[in-house]
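The values are calculated or read from the model by the stated rules, or taken from the named source; none is laboratory data. Only a predicted model underlies this, so the values are computations on that prediction, with no experimental measurement involved. Backbone-built Cβ (ideal geometry, glycine too); neighbour counts: all protein chains shown.
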Amino acid sequence: MWLSSVFLKTLRDYRIPILGWGIGMGLVVVSPMASVASLVTTPEARQQLASLAASFAWNADPVAVTTIGGYATFKIGIFIFLITVWPILAGSRMLRGEEERGSLDVLLSVPRPRLRVALEKLAAMWTALLAMGLLIGLVAFAGGRTFGGDFGLGDALLFGLDLALIGAVLGGLALLISQFTQERGPAAGATAGLLLVFIILDMFHRIAPNSEWISRLSPIYYYNLSKGLIPSYGVNAGAMVLLAVLAIGLGGIAVWLFNRRDVGGTVPLPRWLRLPERQASRVLPVGDWSLRSVYARSLRTIAMPAFWWTLGIAGFAGWMVYAVQLLETKMSTLLSGNAGFTQLIKNIGGGDASLNAGLLSAMFVFLPLFLMAFAVTQVNGWSADEQDGRLDLVLATPQPRLSVLLGRFAALASATIAISVVTLLVCAWVAVAAGLHLDWGNLAAAILGTIPLGLLVAGIGYLASGWLRSAADTGLLSFLLAFWFFVSFIGPELNLPDVTLRLSPFYYYGSPLLNGLQLTSILGIIAVGAVALALGAVRFVRKDIGV
Amino acid sequence: MTAMIEVQGLTKNYGSKRGISDVSFQVEEGHVFGFLGPNGAGKTTTIRLLMALLKPDAGSARIAGLDCWEKSVEIKRLIGYVPGEPALDPNLTGGQILEYFAHLRGGVDQAYLKQLVERFELDTSRKFRQYSTGNKRKVVLIQAFMHRPRLLILDEPTSGLDPLNQQEFDRMVFEARNEGRTVFLSSHVLSEVEKTCATVGIIRDGSLVRIGDVAEVKAIKRYEVTITFANPVPAEAFKTVDGVIEVETLNHGHGVRLTMQGPADAVIKAAAHYPVVSLTSYEPSLEDIFLRYYEEDGPRATEAHHVA
């Protein structure tokens, strides 16, 4: 039955992501619910939580944060990035990925219109997203029942539907962009970049006054207009319809373009946008520096992804520094009439380094996570190269295996350091330009201290690639990242024991913006990373390649 | 004459998948050795063991007297390698790939490299992913020959090449042999090996079943001839003809399909007695030969083991 149509076959391919993503994301939504009861035991605690949430309004609207649904909605604000990973990957792979593999040629050789094939695939992605939304809604409802939430099943399902709709918009965008790229990777990367822009645009109206018109340019803004888990707030039917129209429009345009272009080609650009015709040549690039060694080649390969990651990470960090300054100005205005806050007002406006560091520290928790995610993508490249046979010819040259592995690792380490240094420079420049006082030593420690975390992930990834195939290696690292993040940032609210908290490297990273780096902790992370890399190198030197 | 490749009792298991078992052979320096076998017989596993991409479970493989696993870096200085399924960075141009591998090999004669590029008429400015299958193969062949290695290990090297470039490749193999270099060429096409190799080894189900001169192996080669006649012809007319092993009547006696071994002269003369409409000859694949020769003739297969 599942192989009787393109729609059902595609849906069958999505069965594991539907279950994994649906239940996994559902648990991400439920996890903050567990801690609300302990956070609002007294009216004072309730007031404190509301105040705290207000100071993090840049992240998400602090609506009814003292309720189960409100707190969960507020906490998962930034996780929209995580939730939309799957639709972005699925959208970019849907047609372009199959074209890259050559499997679309076979599929289109059957007597079935190309338009129908594309529409069935698109419909399968939407169905998968709806199924994920349903699962997320059901898990959220179950969580709400367990922890005493005041929202019903219908509310939870509307919450899941809202997630499915924003996923469909981003999946449709990735599908559309993939009509203009030769490979799926750049389409996914460009969509992820746009998502970052959308998130930042959405943040504007929560930080800067009179900037709602800017946020309206972002689909994330319309997603956030619905808060299904907060019955008193409800959903915005107009916003949901708009998201649905946007998803259908983007997907429809993408399919229309696909139907008109060459399979394996891209949508023809206007003549004035096309690159000049390439002439055949037999010239050899004798002087190209990037071809001189495995390290140089790896550095050149990693340069472009590193550039985009730098743009994202440094841009995010710089924006956070600026956001703190804006936030403090806003708080200063709000509190200026209250005599009790006189001293606090004195500190607000960027003048007090420890207050600034306190606010910024909470936002900077994502920096090491992003750098570690970058390392995961690069380790994926290493294990995929071995799996796909791209290392065979390199290892057929008189290069020791150890040199090949260390060359690749050194390039990754160089890129990681470069991303961190640029991020530091951007943050310092923004802080100076905005007049925000920070402890420069601690700022450097907070940003450069992420380097060992990135390299730790790389070391573990290289070690695991000795046994695991590319997808499993990436899956393991992604799971570790999610687990560490969960343990360090949600674990304390669940009162997890200290011994569990110590399993996460974030524990050892600490809060360097406030307290500086603990040298022994960082040395410990470096040591674990080095041991993992050394074991990975030993394994790689001895293993069968490509088996 | 010294042995360039010495393989003794080489064994590799992949668990449930088939590997190779107790493979032994030698290739003398300056020889062109054909390594024949059907798909999945163990050719690529043997080659990957020689290239130290796999570690043997038992036995040894030596190249120029050096253990392939222990001295992998040293032996790779001597080798030019074409993998069965070449995979390279899809975003590099052909020229970048050749220069990259030239550097990894410690530098090559650029004039000779340019000569090879000209010979294969390779457009070096295209990205690897944009090349056709044949052009991808050209890039990999050039990188294998560009440093004039003492030993060429080529795993199905002409797969995807057009006939003109196959001829160019044959010439390069002859030149290598004439310069005293050794070539280890794997293939599943018997006629390809016949053209270039003096000695062949045949591997099947992970075991070496035969090593010998090309002439010896030719003796096992069977082919089919289909003759269509204007009028019905009795099958008996061909059953006793020299070289005919099996006769099958087609189209109510208007044609015959003959399974043959050896020269076709006697069959042509026998067919000439009748009005012939068409005659086609078909060379069976190596798999067909193995199926018929080794599975139907169990005792002969056993007898055939390692006659060299």
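What to note about this one:
Rundown of residues vs (1) without any contact (Cβ under 8 Å) to a residue 12 or more places away in the chain; (2) of a type in the set (Phe, Trp, Tyr), yes/no style:
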| position | (1), (2) |
| --- | --- |
| A:Asn380 | no, no |
| A:Asp385 | yes, no |
| A:Phe409 | no, yes |
| A:Ile419 | no, no |
| A:Cys427 | no, no |
| A:Val432 | yes, no |
| A:Asn442 | no, no |
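- Number of residues in segment B:150-164 that are under 16 Å from the mean Cα position of the chain (by Cα) and in a helix (DSSP H, G or I): the value is 1.
- All of (1) at pLDDT below 85; (2) among the polar types (S, T, N, Q); (3) part of a helix (DSSP H, G or I); (4) within 27 Å of the chain's Cα centre (by Cα) hold for A:Ser51 with one exception: (4).
- Positions within segment B:31-88 being at the interface with chain A (Cβ under 8 Å from one of its Cβ atoms), aliphatic (A, V, I, L, M) and within 17 Å of B:Ser159 (Cβ to Cβ), in sequence order: B:Ala87, B:Leu88
- Scope segment B:98-109; condition crowded, with 24+ Cβ neighbours inside 10 Å and more than 8 Å from chain A (Cβ to nearest Cβ); matching residues: none
- If you check A:Ile200, A:Ile214, A:Ile166, A:Ile230 for being within 28 Å of A:Met320 (Cα to Cα) and outside any helix (DSSP H, G or I), only one passes: A:Ile230.
Table: residues versus (1) polar (S, T, N, Q); (2) in contact with a Phe, Trp or Tyr (Cβ under 7 Å, 6 or more places away or on another chain).
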{"site": "A:Asp150", "(1), (2)": "no, no"}
{"site": "A:Ala156", "(1), (2)": "no, yes"}
{"site": "A:Ala187", "(1), (2)": "no, no"}
{"site": "A:Thr191", "(1), (2)": "yes, no"}
{"site": "A:Asp202", "(1), (2)": "no, yes"}
{"site": "A:Pro209", "(1), (2)": "no, no"}
{"site": "A:Arg216", "(1), (2)": "no, no"}
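- Selection of segment A:272-300 for residues being within 9 Å of chain B (Cβ to nearest Cβ) and not in a loop (DSSP other than H, G, I, E, B) yields A:Ser290, A:Leu291, A:Val294, A:Ala296, A:Arg297.
- Within the set A:Ala60, A:Ala50, the sole residue that is farther than 30 Å from A:Pro17 by Cβ and out of contact with any Leu (no Cβ under 6 Å at 6 or more places or on another chain) turns out to be A:Ala50.
- Complete set of residues in segment B:173-191 that are of a type in the set (D, E, K, R) and without any contact (Cβ under 8 Å) to a residue 60 or more places away in the chain: B:Glu175, B:Glu179
Conditions (1) outside any loop (DSSP other than H, G, I, E, B); (2) within 14 Å of another protein chain (Cβ to nearest Cβ); (3) without any contact (Cβ under 8 Å) to a residue 24 or more places away in the chain; (4) within 25 Å of A:Pro492 (Cβ to Cβ), marked per residue:
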| site | (1), (2), (3), (4) |
| --- | --- |
| A:Phe506 | yes, no, no, yes |
| A:Thr520 | yes, no, yes, yes |
| A:Ile525 | yes, no, no, yes |
| A:Ala532 | yes, no, no, no |
| A:Gly536 | yes, no, no, no |
| A:Ile545 | no, yes, no, no |
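- Residues satisfying the stated conditions in segment A:270-316, i.e. touching a residue at least 12 places away in the same chain (Cβ under 8 Å), aliphatic (A, V, I, L, M) and farther than 29 Å from B:Phe101 by Cβ: A:Leu311, A:Ile313, A:Ala314
- Some residue of segment A:507-515 being more than 24 Å from A:Leu424 (Cα to Cα), crowded, with 19+ Cβ neighbours inside 10 Å and of a type outside the set (Lys, Arg): no
Listed here are the residues, each with its yes/no results for (1) in a helix (DSSP H, G or I); (2) surrounded by fewer than 18 Cβ atoms within 10 Å (Cβ to Cβ).
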residue	(1), (2)
A:Leu89	yes, no
A:Met94	yes, no
A:Glu98	yes, no
A:Asp105	yes, yes
A:Ala118	yes, no
A:Ala123	yes, yes
A:Gly149	no, no
A:Phe159	yes, no
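- Within segment B:117-130, considering residues that are crowded, with 17+ Cβ neighbours inside 10 Å and in a loop (DSSP other than H, G, I, E, B), the one farthest from the chain's Cα centre (by Cα): B:Ser125
- Within segment B:131-149, if we keep just the residues that are more than 10 Å from every other protein chain (Cβ to nearest Cβ) and assigned to a loop (DSSP other than H, G, I, E, B), the residue that is surrounded by the fewest Cβ atoms within 10 Å (Cβ to Cβ) turns out to be B:Ser132.
- Hits in segment A:380-403 - residues which are more than 8 Å from chain B (Cβ to nearest Cβ), surrounded by 21 or more Cβ atoms within 10 Å (Cβ to Cβ) and modelled with pLDDT of 95 or more: A:Leu391
- Exactly one residue among A:Ala239, A:Ala244, A:Ala190, A:Ala208 is of a type in the set (Gly, Ala, Ser) and under 28 Å from A:Glu328 (Cβ atoms), and that residue is A:Ala208.
- Criterion violated by B:Phe128 - all others in (1) of a type in the set (Phe, Trp, Tyr); (2) within 12 Å of chain A (Cβ to nearest Cβ); (3) in contact (Cβ under 8 Å) with a residue 60 or more places away in the chain satisfied: (3)
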